[in-house]
Amino acid sequence: MSQRILIVGAGAVGGYVGGHLARDGHDVILADPWPEHVEAMRRRGLSLYGTTDEECFVTPVRALHLTELQDLSRERPADIAFVAVKAYDTGWAAALAGLYLAPDGFAVSLQNGINEDQVAAQLGWGRTAGCIANKIVVELAAPAEIHRRVPKGGAAHTVFRVGEAHGRITPRIQRVQELLAGIDSAIATPNLWGERWSKLVQNSMANGLSAATGMSVREYHDEAMTRRLSIRLAGEAVQVGLAQGYALELINGLAPERWVEAAAELNAGANDAPALAEVEDRMIAAARKMTGEARPSMGQDMQKGRRTEIDYLNGLVVRRGAEVDIATPANAGLVEAVRKVEAGKAPAAPERVAGI
């Protein structure tokens with residue numbers, strides 16, 4: 001019997017994963033709180049778009065409103081539940097998923113930030129796992145319509161990294177890895193927490209910056225002021241991660257320490273700045289591979305008037321930094337800038353971050 005997969009939160013990432021799994025013939029249920037999205041998926045299927053023709057397709061999916069999940073109590077329970085909501089919705093989503101899991105079923109946090117502890121608070125650590133979706137850049141552009149704005153990772157870049165809190169590679173983690181490998185490159189990692197913080201560094205240097213300025217990835221990489229702020233954000237986040245003892249992975253293709261070196265050269269105003277030059281060249285080259293519309297999730301949220309995850313990304317860097325006595329002025333400044341725009345006190349613009 002095939003595994004039953006429940007996805008709570010069928011937005012950009014959850015819908016992208018769920019759509020691919022459904023097309024591949026898996027038993028997938030997509031549950032989402034946006035009524036128009038659910039109804040559109042029911043009427044015409046889920047449309048996925050990528051940067052190549054073969055990534056563009058429409059697939060029928062089973063979509064449920066959250067209020068209809070109770071109907072699953074009369075069906076076979078789910079073996080795997082992907083929790084793919086915003087970080088601030090993790091608690092209720094994990095609790096809801098747990099009601100429809102098989103006794104030996106488990107939940108996978110497929111989210112930005114570090115939310116496994118919130119899932120475990122509802123289900124226990126024995127029923128909790130994590131998955132990082134690295135450099136996927138997807139957007140729920142309209143009801144039942146999801147766009148991926150960057151090429152697939154393939155052999156050049158591992159997109160999905162699945163792991164257990166204890167670090168062992170278990171059969172269930174291998175099952176999730178195999179499911180995701182049909183979508184894009186995927187590994188089972190013994191370093192979930194290092195992977196998590198490494199992704200948090202990438203989120204911290206991009207998401208809030210786009211939200212506060214209104215700029216796309218390509219735009220804030222091209223502008224020297226915002227590009228260099230991004231480097232300072234990364235340098236602080238890396239320092240905090242290393243101070244916590246995490247074994248960090250490569251960040252945008254570079255050793256984590258290189259980001260700290262580049263930020264230090266910036267802060268010191270050094271004339272000889274080899275790390276800074278290397279990092280900036282890589283950032284500019286990476287932006288050229290993205291479409292002009294590519295925005296990280298928080299930039300998308302701000303455009304659509306939605307609540308942001310700033311407290312779970314840069315805010316987490318600031319809080320953990322205080323715990324390990326690492327100063328994080330750039331991240332703290334960005335948190336305040338995003339909050340100001342989110343509250344409607346100022347429009348998103350590059351000036352919001354100019355003084356950070």
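Using a cut-off of under 11 Å, list every residue of region 251-291 whose amide N is near the label point 7 Å from the Cα of residue 191 along the Cα-to-beta-carbon line. In region 251-291, the label zone of residue 191 (backbone N under 11 Å from the point 7 Å along Cα→Cβ) covers 251, 255-256. Does a label point 7 Å from the Cα of residue 324, set along Cα-to-beta-carbon, have any residues of region 183-227 with amide nitrogen under 17 Å, and which are they? Residues 191-205 fall inside that zone. Counted over region 130-234 with a bin width of 5 Å, the fraction of Cα pairs per bin, in whole percents, is 2, 12, 18, 18, 19, 15, 10, 5, 1, 0.
Of the listed peptides 114-126, 207-219, what is their order by residue-averaged count of other C-beta atoms within 10 Å, with the highest listed first?
Working: 114-126: 18.8, 207-219: 25.4.
Final packing ranking: 207-219, 114-126.
If you wrap region 198-353's Cα atoms in a convex hull and average its projection over all directions, what's the area in nm²? Walk me through the numbers before you get to the answer.
On the way: hull surface 33.9 nm².
Over all viewing directions, region 198-353 projects a mean Cα-hull area of 8.5 nm².
For region 207-232 and region 244-284, what is the centre-to-centre distance using only Cα atoms, to the nearest Å? When both Cα centres are located, 16 Å separates them.
Divide the volume of the convex hull around the Cα atoms of region 4-190 by the residue count and you get 106 Å³ per residue. Over all distinct Cα-Cα pairs of region 47-140, the Kirkwood formula returns a hydrodynamic radius of 14.7 Å. Counted over all Cα-Cα pairs of region 1-81, pairs farther apart than 19 Å make up 33 percent.
Charges at C-beta only: +1 for Lys and Arg, -1 for Asp and Glu. How large is the resulting dipole of region 198-353 about its Cα centre, in Debye rounded to 20? Numbers along the way, then the final one.
On the way: 19 positive and 21 negative charges, 128 e Å.
That gives a dipole near 620 debye.
Here the alpha carbons of the chain define both size measures, Rg and Dmax, at 19.8, 68 Å. Highest mean first, the peptides 248-255, 333-340, 5-12 sorted by other C-beta atoms within 10 Å per residue fall in the order 5-12, 333-340, 248-255. Counting only lysines at least 8 places from residue 152 when in the same chain, those with an alpha carbon closer than 30 Å to its own are 86, 135, 199, 289, 304.
Mind checking the full-extension length gain between residue 351 and residue 42? Use 0.36 nm per residue of separation minus the Cα-Cα distance, one decimal, nm. The partial results should precede the final answer.
Values: separation 309, 0.36 × 309 = 111.24 nm, distance 4.30 nm.
Extending this stretch completely gives an extra 106.9 nm.
Taking all Cα pairs closer than 8 Å and separated by 6 or more residues, the relative contact order of the chain comes to 14 percent. Its Cα centre serving as origin, the chain has a Cβ charge dipole (Lys and Arg +1, Asp and Glu -1) of approximately 460 debye. Taking packing as the residue-averaged number of other Cβ atoms within 10 angstrom, the listed peptides 127-135, 275-283 run from highest to lowest as 127-135, 275-283. Spin-label model, residue 67/residue 104: points 7 Å from Cα along the beta carbon direction are separated by 3.7 nm.
Derived scalar couplings between HN and Hα for region 71-80 equal 5, 5, 5, 9, 10, 5, x, 7, 8, 9 Hz in order, rounded to whole Hz, by the Karplus curve 6.51 cos²θ - 1.76 cosθ + 1.60 (θ = phi - 60°), x for Gly and Pro.
Laboratory data are not the source of any read-out in this text; all were calculated from the coordinates shown. Worth saying up front: this structure is predicted, and the values here are computed from it rather than measured. A quick note on method: Cβ atoms are made from the backbone with ideal geometry, for glycine too, and the neighbour counts reach across all protein chains shown.
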